[in-house]
Structure formats: structure tokens, C-alpha cells
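Structure first, then comments.
Quick note: the coordinates plus some simple rules give every number you see, no bench work behind them. Since this is a predicted model, take the numbers as computed values, not measurements. Cβ placement follows ideal geometry from the backbone for every residue including glycine, while neighbour counts extend to all protein chains displayed.
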Amino acid sequence: MEILKILIPMALILGSVFVLFFIWAAKSGQFDDLDTPSKRILLDDDSDEHNNTHKRKEV
Amino acid sequence: MGQVNTLIHCKHCHEPVHAPFYDDSKNVFCCQGCLSVYSILEQGNLQQFYKIQDQTGDYTKPVSVEDTHFDYLNHTQFLNDYGSFQEGLWSMSFYLKGVHCLACLWLIERLPELVEEVKEARLNIGKSLVTITLHKDHDKFKKAAETLNKLGYPPFPISNQDELEKLKLKEERSLLLKIGIAGFSMMNIMLYAGSVYAGANGGYSLSFGLLSFILVLPVVTYCASPFYKSAWSSLKNKRVNIDIPLSLAIILGFLISSYFLLMGKELIYFDSITTLTFLILLSRFVLRKVQQTSLNKNDLSGIFQRGSIQRKMANGDFEHIHPDQLNTGDSIAILPNQVFPCDGVITKGATKINLSTLTGESQNILHEKGSKVFMGTLNIGSRVEVKAEKVGRETRLGKLLTDLEHQSLKESHYSYLTDTVSKYFVNIIILVAIVSFFANYSFLGFEKALENTLALIIVTCPCAFGLATPLTFSRIMSLGQSHGIIIKTEDALEKLTKVKNIIFDKTGTLTKGDYSVTKVEVLNEEHFSQFSPQEIAFSLECKSSHPVAKAITQWANTQDQWLNTLEFDSYEEILGFGIRAKINQDSYEAFSSEGTNKDTIVNITKNGEAILKLTLNDSLREEAPATLKTLRANGYQTYLFSGDKEAIVNETAALLEFKERTFLAQMSPEDKAQKVRHLPHSLFVGDGANDSLAFNEAMTSIATHGSVEVSLRVADIFLTQPNLEHINKALFLAQKAINTVKINLSFSLMYNISGAVLAIFGFIGPLEAAVLMPLSSLTVLGITLFQTRDNILEISHGNS
């Protein structure tokens with residue numbers, strides 16, 4: 001059970017790093033808009049592909 | 001042409017087309033707006049928009065291009081007030097009207113492809129806010145705004161100085177932080193608590209206890225601080241709310257557990273405290289989100305929706321400015337169909353003004369030079385020049401809004417179910433805890449007494465109120481939202497269940513509130529050989545923005561989808577009279593007059609001879625009789641309070657079977673408020689700012705029309721579509737919500753009583769408490785989710 005002396009601090013440090021990331025993300029406003037990104041992700045690839053093919057046709 | 005008069009849909013908005021517009025490739029559109037959007041998209045290679053629409057099945061609305069100017073966006077002063085400058089780039093936020101789907105998002109974020117100065121456009125679809133960033137060395141937003149307007153999303157700039165918004169955002173972020181930190185602590189503490197319960201002892205037990213202590217510190221000091229604040233403020237107001245027992249459980253739990261930790265005992269409740277904090281913070285966050293999205297989505301931001309106005313400059317020319325730039329003493333020009341942006345005096349011209357938003361008068365009143373005009377009223381007639389005397393909060397409308405805001409802050413004399421229950425609950429727990437402590441103390445000693453009392457407080461902690469109640473309300477509110485019923489606060493739900501008397505406004509609530517053509521009399525057939533009555537009426541009225549003219553053009557459009565219009569040589573709209581137009585040698589006139597009681601009659605003459613007579617009036621909503629019947633069958637008393645003339649009200653009341661003495665006519669807004677005050681348990685259903693006083697006096701209120709800002713601010717509930725059947729649905733949802741809360745309360749009361757008994761006699765240790773607490777939470781969550789499942793409205797509808 002000696003391993004716990006390493007594992008527990010490691011778990012806490014790792015956890016704290018994630019908490020710090022979370023604090024940074026929340027403070028920089030990444031959670032302000034919860035609706036749009038979920039929709040935006042559906043669009044980008046699709047339309048880029050469309051634009052590219054279109055441009056190629058023009059060339 | 002007969003065979004094509006159905007199923008022609010606009011290429012842009014998919015609405016059925018009445019009077020078609022064509023582009024060069026013979027595509028059909030319902031209006032010029034849709035046509036121009038289509039051509040913009042075509043030129044920009046952005047037709048993907050229609051593909052996305054087809055995929056989602058969610059079509060855009062017909063385009064209404066607002067006639068507004070964005071010159072002011074290029075003024076330096078305006079830029080400083082509204083724009084923000086970061087890393088060498090200017091950006092500005094706009095509220096957009098008409099954003100509603102995935103395709104809108106796609107199109108708006110393609111703005112850089114349409115306007116070269118624009119670097120980036122980011123849309124927040126929940127709030128309908130777009131933030132536009134320009135390329136380096138550009139600071140002109142005019143073109144971007146004009147393009148958005150042409151695309152059918154009229155933009156309204158948002159000031160970057162809005163402190164209230166910033167404060168709200170900050171609060172939301174900090175709530176999120178608290179949830180995250182509480183979650184982190186909870187998970188880690190549970191790990192340690194779990195091992196202690198499983199039998200870890202000696203050194204491990206002590207170090208786990210110390211670790212838990214460190215992790216619990218931010219939870220009790222930071223994460224739980226909203227509970228303390230709300231508990232403290234309610235104590236100061238000599239009221240009791242749910243946050244008092246919560247704070248008590250958290251603080252006492254923490255203190256006593258720390259004491260046991262110091263004593264080297266294994267009686268530690270840190271895990272329970274953090275779980276409690278985390279879950280309750282989370283459920284409140286969800287409730288808040290539901291409220292916000294419903295309010296944002298439904299044009300409650302109407303206050304932003306103000307177009308540009310023309311201000312006279314020193315040299316006599318006019319410039320377009322934003323209403324916020326208006327100062328006392330400025331001279332401005334107000335065009336027909338524009339809303340007055342200030343209180344002032346007419347200095348040039350005369351016009352008819354629709355005062356209905358402010359006073360409830362349905363007739364338009366003639367205002368001449370020297371007459372006073374008020375902010376928020378609508379100019380119906382012709383262009384006038386006005387000298388601004390009062391702006392913003394100083395105006396009559398501004399004062400009304402301020403008053404209403406103050407009144408709604410006033411403490412309500414209504415006591416809510418959850419408050420009442422928690423009041424007794426808190427008092428009883430505190431009493432029992434004290435008694436049990438001293439009883440245990442005298443028989444078993446100090447430590448045992450502390451131990452049992454702590455178990456008592458933790459076990460009886462009102463999880464069900466704290467957790468299930470906000471969850472129930474947020475579920476019910478989002479259910480309502482999906483049916484077009486926007487419930488602004490959870491209090492409104494509880495008040496709805498107490499309603500006994502329902503009072504209706506007439507114009508715009510039980511009736512459609514608009515003119516519609518009900519009778520057509522052709523007086524002389526031979527004049528209609530070349531053009532049909534519809535075509536002549538349409539040609540005459542189509543340029544006017546008067547409500548009567550709009551009703552006539554709409555009627556003509558629905559009667560005949562392929563209207564030919566007459567091209568007049570001269571055309572003149574005469575204030576308070578009608579329209580006079582000439583073509584070749586023939587002169588046409590269309591003038592309106594009042595009919596016998598409530599009708600408006602429009603006579604159309606050709607060279608002085610009457611050829612057509614149209615009768616217009618305000619018709620009842622189709623669903624009104626059925627809705628009233630259901631309400632009466634369910635035991636509600638119905639009343640009709642109207643500002644309209646007696647004869648009209650009597651007729652409506654007879655049609656809708658209102659009983660003697662339950663309907664009143666010719667009531668001023670103050671009369672309505674006065675009468676409503678004397679009706680207990682009242683629900684007022686109305687529209688327009690003139691109902692807002694009555695809204696405020698009634699126990700609760702429903703605004704049936706999503707357009708008039710003032711009434712929306714005051715009403716507890718509003719409907720996105722003016723459909724009266726929604727009133728029944730709202731009442732049903734409210735009943736459901738309160739029933740669910742009651743079931744949860746009785747369950748947790750039962751649970752708490754048995755838990756308390758066991759705890760007092762020392763049968764419950766930390767392990768049992770740690771198991772029982774989440775178990776009870778899960779049970780109430782299960783009950784809540786079952787009670788508020790998605791299809792409850794459909795089920796109720798099927799039965800009735």
C-alpha cells in the first residue's frame with residue numbers, strides 16, 4: 001500500500017491542473033455560449049468542401 | 001392561370017406566394033426582400049444556405065428589409081461608445097432580428113465573403129448576437145450592417161457600456177467556477193470517504209481526513225457562498241427561505257466534522273457537504289439557463305430594436321443618427337410608420353398618431369404643429385419635424401418603465417409554497433436539534449450528543465426542496481417554451497395554480513386586433529371589365545402604410561395571387577381622408593369613414609361615382625369561443641375589460657357568452673387596474689402597454705402578443721404566438737409543476753422524519769447517512785423526471 005503515497009499526490013496534482021484549466025476556460029468566456037458551438041461544428045467541414053469544389057470548377 | 005394558384009412557394013423562404021416577383025432566371029419569390037437575398041447569395045456562391053435549410057427542414061421567414069440607415073456607424077463618437085478596440089482591430093456587437101436556425105448561423109458567419117472589410121463574424125445563436133471584427137485599419141461598420149439588413153437580419157448595435165449585462169455574465173461565470181470546484185472536491189473527497197467506510201484505518205484514516213479537510217475548505221468558503229448570501233439577505237428581511245437550512249447544514253456540518261477530525265474520530269461528513277453543495281449549485285445553474293434562453297430567444301431584447309432617425313444639422317440638412325445620440329433640444333424628422341424616439345413638440349407638419357401603446361386608444365389622433373408627442377407612439381400619417389424635449393428615462397414611457405421596474409421589485413405579499421414549507425421545516429429542525437442535543441447530552445455525554453445531532457442535521461438536510469424544486473420548474477418552463485409559452489419566473493407557475501378569476505382584454509387579445517375585410521359590395525359592375533375590384537383596391541392602397549390600407553392589400557393578395565396593378569400618373573395620400581390617384585383621364589379616390597357602430601367602410605370612387613364598398617372590422621380569434629368554454633368548464637370565472645366602445649364590447653361579450661356584469665366597456669388603463677385590484681386570485685390576459693398597469697395589479701398575467709415591449713416586461717408569462725389555447729396549456733403545466741413539487745415535498749418529509757428519529761436515537765452513523773442522502777436525492781429526481789416527461793402536454797390534450 002506504500003504506492004498510495006505517490007498515487008494520491010499525483011492524482012491531486014493532475015486534478016488540480018484540470019481545475020486550473022477549467023478556471024482559465026471559464027474566465028476567458030469559453031462557456032458563455034453553450035448553444036452555438038454545438039451547431040457550428042455541424043457546418044464547417046461541409047461548407048468548406050463545397051467552397052473548394054466550387055473554386056476548382058472555376059479554375 | 002387557375003391551375004397554378006396553389007403550391008407555388010417562394011424560392012427563398014418557402015412561404016406560399018401571392019403576388020410573385022421574378023428574377024432573371026424565372027425563380028419565384030414572395031417579396032422583393034426574398035428576391036434580393038437570393039441574388040446576394042447567388043452572387044456570393046452561398047447557395048449552400050438552401051441545402052442546409054433542406055437538411056434541417058427549418059425554413060427562414062419572408063425577408064422584411066427595414067428602411068433604416070447606418071451612417072451613424074461610421075461616426076467616431078458612436079464607434080467609441082459602441083465599438084471595442086483590441087489588438088489593433090475594431091469589433092462591435094449587434095442584436096440581429098430573425099435569427100433562428102442552422103442556416104442563419106451558416107450565412108451570417110459567411111459575412112467576410114460578402115463584405116471585404118470584415119475579418120470575422122461570430123454569432124451567438126441563443127442570444128441572437130453577432131460580433132463583427134474588421135480587418136486592420138478599418139473602422140467602418142456601415143457596409144457590414146447594410147449587408148446584414150439586406151440579408152433580412154436587421155442589425156441593432158449593442159453598447160459596450162452595458163453594465164448590467166457585464167454583471168450578469170460575471171455572475172454566470174463565477175457560478176460555473178463554483179460548480180467546477182465543488183465537483184472536483186466532491187469526487188476526491190468521495191474517494192477518501194469511500195476508503196474510510198471500507199475500513200481504512202490508523203494513519204490512512206487520519207491523512208484522508210486531513211486531505212478531505214483541505215479539499216472541503218474552498219467548498220464551504222467559496223462554492224457555498226451564494227447560499228450564505230441569500231440566507232443572510234432573507235434573514236435581514238425577516239423571511240425564511242430554503243437557503244437557511246442549507247447554509248446551516250453546510251456550516252454546522254463543516255464545524256462539527258472538523259472538531260471530530262481534531263479529536264481523531266472517524267465521524268466526518270465532508271463528503272455529504274460537498275455533494276450537497278455541488279448538486280444544488282448545478283440544479284440552480286440549469287434553471288437559470290432555461291430562463292435565459294427562453295427570454296433571449298423571444299425578442300425580449302426589443303429595447304435594442306430601434307432604427308436610425310434623422311437629425312437636422314446646423315446647415316439645415318439631415319443626418320442619420322442612432323436614437324442614443326439624440327439630445328434634448330435636437331430637431332428631428334419622423335417619417336410615417338416610425339416610432340417617436342423622444343417626447344417633444346411638433347415644429348413642422350401635422351400627422352395622425354397611434355397612441356395605443358401608451359394610452360390604449362384604438363383610434364389615431366390628429367396632431368398639429370405645437371402638439372406634444374410622446375416616445376413609443378407610432379406616426380401613422382405623414383412626415384413631421386419634432387423638437388426633442390425629453391429623451392430616454394426622462395420621457396413618459398421611460399418613467400412608466402422605471403415605475404414598473406420599481407413596483408416589480410416591491411416585496412410581494414404572496415407567500416410561496418416552498419417558502420412556507422421551509423419556514424416550518426427550518427423552525428422544527430432547529431428546535432428538534434437543540435432538544436435532541438441536550439437530551440443526548442444529559443444521558444450520553446457531550447461527544448455522543450454532538451455526533452447524533454450532526455447526523456440529524458445532515459440527514460434532514462432539505463435536499464429535495466433544494467434540488468428537485470428548481471429541476472421541476474426548469475423542466476416545466478422548457479416544456480412550456482417548446483410550445484410557445486414563455487414563463488418568466490418560477491413564481492408565476494405557483495401563482496397560476498391559485499387563479500380563480502380570468503380577465504380578458506378585448507382588442508388584440510380575444511380579437512385579432514387588426515382590421516380585416518369582411519364584406520365587399522360591387523356597386524357598378526361595368527367599371528371592372530379591365531381590372532378586377534381586387535386589382536383596383538390593391539393598386540390604390542399598396543403604397544400606404546395605414547392599417548386599413550394594409551388590411552385591404554392583404555385581402556386582395558389572398559383573393560387573387562396574380563394581381564395586375566395600375567400604374568398611376570399621380571398619387572396622393574391625404575391625411576385623415578384616404579387616397580386620390582389619377583390615371584389617364586380617370587381619377588380614383590379611396591376614402592374611409594366610420595360605419596354604423598364598429599365598422600370601418602372604405603368607398604372607392606371613379607370620377608366621383610361610387611364603384612366599390614369594402615367593410616372592415618376586427619374579427620374574433622377562431623379559438624376564442626372554445627378556449628373560454630374550456631376555462632369555464634374548469635371552474636374559472638371569466639371577465640372582459642375593454643377600453644373600446646360599449647356597443648362593440650356588448651356584441652363581443654354576447655358572442656363569447658360572457659354573463660351579465662362580467663364585462664365592462666370604455667375603461668381607461670387606470671380603471672382596469674383599479675377593477676383588477678378588487679378581484680382576488682386574478683389572471684389578466686392582455687396585450688399592449690395600456691394593459692401593463694392591470695398586469696401589475698393582477699396576481700399574475702399573460703401577454704398574448706410578443707411585440708409590445710412594455711407589456712412583455714410586466715407580464716409573468718407571454719405567448720410567442722397569439723393563440724388563446726395556450727392559456728389552458730399554461731394552467732395545466734403550472735398545476736403539474738406544483739403537484740410534482742408537492743409529491744417531492746411529502747416524500748422528503750416522510751424520509752426526513754424517519755431519518756431524524758433514527759438519528760436522534762443514534763442508529764445512523766456517517767456510512768448510513770452517506771448512503772441514504774444520495775438515495776433520497778435520486779428518488780426525488782426520478783419522481784421529477786417522470787412527472788415532467790416530454791409528452792405530458794400531448795397526453796393531457798388527448799384526454800380533454
Additional length obtainable on full extension of the chain from B:Ala647 to B:Tyr22, 0.36 nm per residue less Cα span: 220.3 nm
Using alpha-carbon coordinates, inclination of helix B:225-236 to the longest axis of chain B, degrees: 80 degrees
Region B:516-617: C-alpha gyration tensor shape, a/c 1.5 cut-off, then a/b vs b/c: rounded
Contact order normalised by residue count of region B:74-162, Cα under 8 Å, 6+ apart, percent: 39 percent
Partner chain coverage, peptide A:29-39 - average Cβ within 10 angstrom: 5
Length gained when the stretch B:Tyr197-B:Val771 is fully extended (0.36 nm per residue, less Cα-Cα span): 205.6 nm
Förster-model FRET efficiency, 30 Å R0, B:Leu167 and B:Thr76, C-beta, rounded to 0.05: 0.60
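What list do you get for B:Met190, B:Met699, B:Met477 if you sort them by fewest beta carbons within 10 Å?
In order of increasing Cβ crowding within 10 Å: B:Met190, B:Met699, B:Met477.
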Relative contact order for chain B, counting Cα pairs under 8 Å that sit 6 or more residues apart, in percent: 11 percent
Cα centroid of region B:443-506 to Cα centroid of region B:28-53, whole Å: 49 Å
Using alpha-carbon coordinates, inclination of helix B:547-559 to the longest axis of chain B, degrees: 80 degrees
Positive-pole candidate from B:Gln310, B:Gly44, B:Leu775, dipole of chain B, charges at beta carbon: B:Leu775
Cα lying deepest toward the dipole's positive end in chain B, options B:Leu114, B:Leu758, B:Ile457, charges on Cβ: B:Leu758
Computed helical MRE - 222 nm, chain B, DSSP H runs ≥ 4 contributing -39500 (n - 2.57), nearest 500: -15000 deg cm²/dmol
DSSP-defined antiparallel bridges as percent of all bridges, chain B, nearest 5: 85 percent
Rounded Å value of the spacing that divides the Cα centres of region B:208-250 and region B:112-180: 37 Å
Reachable lysines, given that their alpha-carbon falls under 19 Å from the alpha-carbon of A:Lys27 and they are not under 8 places away in the same chain: B:Lys166, B:Lys168, B:Lys170, B:Lys178, B:Lys289
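Considering every residue in B:42-55, what mean count of other chain Cβ atoms within 10 Å of its Cβ is obtained? It would help to have the intermediate numbers written out before the result.
Numbers: counts 0, 0, 0, 5, 3, 2, 7, 1, 0, 3, 4, 0, 0, 2.
Mean partner shielding for this stretch: 2.
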Estimated dipole of region B:74-162 in Debye, rounded to 20 [Cβ of Lys and Arg +1, of Asp and Glu -1, Cα centre]: 280 debye
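Apply 1/(1 + (r/R0)^6) to the Cβ-Cβ distance of B:Lys550 and B:Lys238, taking R0 = 60 Å, and write down the FRET efficiency to the nearest 0.05.
Once rounded, the FRET efficiency stands at 0.60.
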Cα-based helix-to-principal-axis angle, B:624-633 vs chain B, degrees rounded to 10: 30 degrees
Label-point separation, B:Glu116 to A:Trp24 (7 Å along Cα→Cβ), nm: 3.9 nm
Check: region B:199-281 dipole with +1 on Lys, Arg Cβ and -1 on Asp, Glu Cβ, in debye: 400 debye
Average beta carbon contacts from partner chains per residue of B:175-187, 10 Å cutoff: 3
Cα-centred dipole magnitude for region B:516-617, charges only on beta-carbon of K, R (+1) and D, E (-1), debye, nearest 20: 320 debye
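Once a ≥ b ≥ c are taken as the square roots of the eigenvalues of the Cα gyration tensor of region B:621-677, is the result rounded (a/c under 1.5), prolate (a/b larger than b/c) or oblate (a/b not larger than b/c)?
oblate
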